[in-house]
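Here the structure is laid out as structure tokens; the discussion comes afterwards.
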Amino acid sequence: MATLLLGVVYFLLATPIGWLSRLLHDPLSRRRSRRTVSYWIVPAGRADAPGERSRATRITS
């Protein structure tokens, strides 16, 4: 009985809060912008262009 009551309380409280937070804010930034050319984010501490290897991993011949 307690499990059922906790499930109902969760559904009535947590679910609407989650729906409202998704409607008002996109925490993962999943919405696409038509004005954006690229979604590439340079990793911290690196200045490499997308698709290029860093100098440490580049194979020299």
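Each row is one residue, and each column tells you yes or no for (1) among the aromatic types (F, W, Y); (2) at pLDDT 80 or above; (3) surrounded by 10 or more Cβ atoms within 10 Å (Cβ to Cβ); (4) under 28 Å from the mean Cα position of the chain (by Cα).
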| site | (1), (2), (3), (4) |
| --- | --- |
| T3 | no, yes, no, no |
| H25 | no, yes, no, yes |
| R32 | no, no, no, yes |
| Y39 | yes, no, no, yes |
| A44 | no, no, no, yes |
| P50 | no, no, no, yes |
| A56 | no, no, no, no |
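Scan region 19-27 and give yes if some residue there is assigned to a helix (DSSP H, G or I) and either in contact (Cβ under 8 Å) with a residue 12 or more places away in the chain or of a type in the set (D, E, K, R) (or both), otherwise no. The answer is yes; a qualifying residue exists.
The values are calculated or read from the model by the stated rules, or taken from the named source; none is laboratory data. Every value quoted in this text rests on a predicted model; they were computed, and no experiment measured them. Positions of Cβ are backbone-derived with ideal geometry, glycine not excepted, and every protein chain shown enters the neighbour counts.
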